[in-house]
1. With unit charges on the beta carbon (Lys/Arg positive, Asp/Glu negative), name the residue among Ser48, Gly61, Ala134 whose Cα is farthest towards the positive pole of the charge dipole of the stretch 21-166.
2. Can you tell me, using C-alpha contacts under 8 Å and at least 6 residues apart, the relative contact order of the stretch 32-114 as a whole percent?
3. Roughly how many nanometres apart are two label points built 7 Å out from the Cα toward the Cβ at Arg122 and Val47?
4. Report, in degrees rounded to the nearest 10, the 0 to 90 angle that the Cα long axis of helix 138-148 makes with the longest principal axis of the chain.
5. Taking R0 as 30 Å, what's the FRET efficiency between Thr107 and Arg148 from their Cβ-Cβ distance, rounded to 0.05?
6. Determine the calculated [θ] at 222 nm for the chain from helices alone, applying -39500 (n - 2.57) to every DSSP H run no shorter than 4 residues and normalising by the residue count; nearest 500 deg cm²/dmol.
7. With all protein chains present, how much of the accessible area of the stretch 37-175 (probe radius 1.4 Å) comes from carbon and sulfur, to the nearest whole percent?
8. Residue separation times 0.36 nm, minus the C-alpha to C-alpha distance between Arg55 and Ala97: what's the value?
Amino acid sequence: MPTSPIDAEEAGAPARRLTVLSGPSGVGKSTVVKRIRADHPEVWLSVSVTTRAPRPGETDGVEYFFATAEEFDRMVAEGRMLEWAEFAGNRYGTPRAPVEERLRAGTPVLLEIDLQGARQVRTSMPDSFHVFLAPPSWEELVRRLTGRGTEPPEVVRRRLDAARTEMAAEKEFDATLVNTSVEDVRDELLALIQAPRV
Ligand code: ADP
Ligand code: 5GP
């Protein structure tokens, strides 16, 4: 039984990689991830822990594990987060154990996280492959973020401030996909996830 990606490779299975998807708030990351979850169950999507309140339609354990600040702090203190960051007033983190378990089994893993988290993963897992999701234009990003209607104007403003920093970091990523069509991005991202590791 293969016990690590290397073992899986030696056993003849294709090498799998940890893929990180990042990009400014409102660009369409959750929409793309939702589409991959529906169409490609062979890709394992990490479910993050967050201290933010659920949006209408979000289910605990599906989009996120919703936690109190105390529960989140305890996970960090116990070393149970692969990475974590504060974003626009809330904390978000990737539970470590399930990711390590899937990678050991040779399953392709996708993380949807912010720039600060992506930088931490780059350091701790240098073999990871980082994809930047970009909007067709700044105006379209603003339109999507405000059009989603899930945040009050003050939070939209904070997210757009963060978006300027995130947009400036695009060159740190291994690939950029422009989210004009969700279906196109799904297919392009899948090709990157499934590409053999070099
Ligand atoms: P993120 O997860 O990056 O914050 P969302 O997935 O919530 O962004 O998308 C923000 C808004 O943009 C949502 O209302 C979503 O329906 C819309 N959206 C996502 N992708 C596209 C696209 N390719 N074209 C038009 N609207 C999109
Ligand atoms: P939202 O509140 O819109 O769902 O997410 C806000 C931001 O937090 C997005 O940029 C999203 O990618 C990021 N995010 C979601 N989960 C995690 C995580 O586990 N770690 C980090 N660092 N960022 C995350």
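The values are calculated or read from the model by the stated rules, or taken from the named source; none is laboratory data. Since this is a predicted model, take the numbers as computed values, not measurements. Note: ideal-geometry Cβ built from the backbone for every residue, glycine included; neighbour counts use all protein chains shown. Accessible surface areas use protein heavy atoms only, side chains included; no ligands, DNA or RNA. Shrake-Rupley method; radii C 1.70, N 1.55, O 1.52, S 1.80 Å.
1. Ala134
2. Numbers: 107 pairs, mean separation 29.2, N = 83.
Contact order relative to length: 35 percent.
3. That separation, rounded to one decimal, is 3.0 nm.
4. Taking Cα atoms only, the helix is inclined about 80 degrees.
5. Numbers: r = 31 Å, r/R0 = 1.03.
E(calc), rounded to 0.05, equals 0.45.
6. Details: 8 runs with 86 residues, N = 198.
Value at 222 nm, helices only: -13000 deg cm²/dmol.
7. Values: 3760 of 7120 Å².
Ligands and nucleic acids excluded, carbon and sulfur give 53 percent.
8. Values: separation 42, 0.36 × 42 = 15.12 nm, distance 2.61 nm.
Between Arg55 and Ala97, full extension yields 12.5 nm more.
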